[in-house]
1. Which strands (runs of 3 or more DSSP E) sit wholly inside segment B:182-274 and have at least 2 residues that are β-branched (Val, Ile, Thr)?
2. Pull up segment A:39-51, narrow it to residues that are surrounded by fewer than 24 Cβ atoms within 10 Å (Cβ to Cβ) and polar (S, T, N, Q), then point me to the one that is nearest to the other protein chains (Cβ to nearest Cβ).
3. Of all residues in segment A:17-30, which are assigned to a helix (DSSP H, G or I) and either within 7 Å of chain B (Cβ to nearest Cβ) or basic (Lys, Arg) (or both)?
4. Of the numbered conditions (1) surrounded by fewer than 24 Cβ atoms within 10 Å (Cβ to Cβ); (2) more than 17 Å from B:Leu136 (Cα to Cα), A:Tyr76 satisfies every one except a single condition; which is it?
5. Scanning segment B:30-39 for residues that are more than 9 Å from chain A (Cβ to nearest Cβ) and either at positive phi or part of a helix (DSSP H, G or I) (or both), which turns out modelled with the lowest pLDDT?
6. Evaluate segment B:165-179: report whether one residue or more is part of a loop (DSSP other than H, G, I, E, B), farther than 22 Å from B:Glu231 by Cβ and modelled with pLDDT under 75.
7. Would you confirm whether or not segment A:84-95 contains a residue that is crowded, with 16+ Cβ neighbours inside 10 Å and under 14 Å from the mean Cα position of the chain (by Cα)?
Amino acid sequence: MRVWVILFILLLNIVLQSSFFPFIEIYGAEPDSLMILVVSFALLAGSPTASIVGFCGGLLQDILFGEALGIYALLYMLIGYAIGLVHQKIYVGRIIFPIFFVVIGIIAKEFILLVYIFFMRIEIPFEQLIFRIVIPEAVYTAILMPFVYYLMERLYQFKFMTKKWRFK
Amino acid sequence: MPEFLKKHPLAIITVVSVLLIALIIVTSINPGAMTKVEGFIGQIVTPAQKFMYTMTTRVVNFFIELQERRELESRYAEQKALIAEMEKQLMRLEELEKENQRLKRLLEFSNETEELVLTGARVIGKNPGSWFNVFLIDKGEDHGLSVNMAVINDRGLVGRIIEVGPNWSKVRSIVDGQSSVSAIIERTRDNGQVEGNNNISMEDGTCRMIYLSLESDIVPGDRVITSGLEEIFPKGIYIGEVISVERNKRDLFKTALIQPAVDFRRLEEVLVVRTVRNSNEKK
């Protein structure tokens, strides 16, 4: 059941991201909804779920739009894993920490992409990169984060989302 | 699997990371290696995407931009009329082409066949994020498209196809940082290479024309068209207008900033140009 719910969320996300988001962009900045999902799963369910979600969601994105397969799968998986490590170690509120972690996630993502771009030998102006991609995207994503996080928290109040994973 | 994952999470993450890095390297060296899988998944997701895209377009048109709606609609009609007119012109062009071929044959200049055939396609999705300016169209192999065909709309050159699936294709636009098109200035006939300016989003999309000779006198406002040298793009497709010309001290050539004629923000319908040549010999 939970697997299907997650799969459905991921598919919905990729469809929304590619067809709906171009309409709500502001100055070329689009929110990174997959990052929101990965961070939400990381904070609510921990590393294993988050890295699987990141892997699957990233791979889907790679397959549909990427040129080199695996880059998004890799970075979302790593970010999901890393942020998932704080699961149940700190108290995560509803607003401040989710926003903090999603911004960290965006910065990590852009950094990994920068390394990738460097190896692809594409020249990009660094200043423009910071001001036109990283900051707008981080701000936009951060604004959306609390809403999605609230919904995900509600989702995790259903028993089927937590039942099997917590053995011991 | 969860138990095992819980015991050795870091090991698994490391293994998967290494595998993914290998996959990245393989696919970036040899693009198209995974096309079959992509085709399969693309085929499943495409209808949903198409549906969503049409739905959101409708919602945007009907509810949000009530005021802009009339304007948009008139623009839409205008574009349709333009496309129709363009198709007419292309038919005329085809006629001229045929005549040209006949004359060529008569003169024994060349036996090359150059023929423009067109198919229309609808844009069904743009890549998420702002890094690569690649978008999807709803026609693919089944409709006779193949890699490296040129994509245009009524205003000018849009890009070229980089991957095809059964019922979809990926198009890399000319404003993408990895795109490169051989072009000439219409007035002075100077050769150059038009490259996507950056990887910043489509909205600030401008192109750069490099390798222009120092003697060339190019002024802002000059029109840039394709040169047809690479055998991907047919000759004479309008690309855009020169905004400014500059020369870096260390460079041995001039660089011109170009505003593409195509409005990449409002890309809904495109036309695919297939030439007989690049469907015959696939490289």
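1. Per the criteria, B:223-226, B:238-246, B:254-260.
2. Looking at residues that are surrounded by fewer than 24 Cβ atoms within 10 Å (Cβ to Cβ) and polar (S, T, N, Q), I get A:Ser47.
3. Quick first cut of segment A:17-30, residues assigned to a helix (DSSP H, G or I) only: A:17-19, A:21-24.
Within segment A:17-30, A:Gln17, A:Ser18, A:Ser19, A:Phe21, A:Pro22, A:Phe23 meet the criteria.
4. Status for A:Tyr76: all satisfied but (1).
5. Here the residue is B:Gly32.
6. For segment B:165-179, residues part of a loop (DSSP other than H, G, I, E, B), farther than 22 Å from B:Glu231 by Cβ and modelled with pLDDT under 75: absent.
7. Looking through segment A:84-95, at least one residue is crowded, with 16+ Cβ neighbours inside 10 Å and under 14 Å from the mean Cα position of the chain (by Cα).
A quick yes/no check of all residues on (1) aliphatic (A, V, I, L, M); (2) more than 7 Å from every other protein chain (Cβ to nearest Cβ); (3) in a helix (DSSP H, G or I):
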site: A:Val5; (1), (2), (3): yes, yes, yes
site: A:Leu10; (1), (2), (3): yes, yes, yes
site: A:Leu37; (1), (2), (3): yes, yes, yes
site: A:Val53; (1), (2), (3): yes, yes, yes
site: A:Ala68; (1), (2), (3): yes, no, no
site: A:Leu75; (1), (2), (3): yes, yes, yes
site: A:Gln88; (1), (2), (3): no, yes, no
site: A:Pro98; (1), (2), (3): no, yes, yes
site: A:Ile107; (1), (2), (3): yes, yes, yes
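The values are calculated or read from the model by the stated rules, or taken from the named source; none is laboratory data. Since the structure is predicted, the reported quantities are computational estimates derived from the model, not experimental observations. Because the Cβ atoms are built from the backbone with ideal geometry, glycine has one as well, and the counts that use them run over all protein chains shown.
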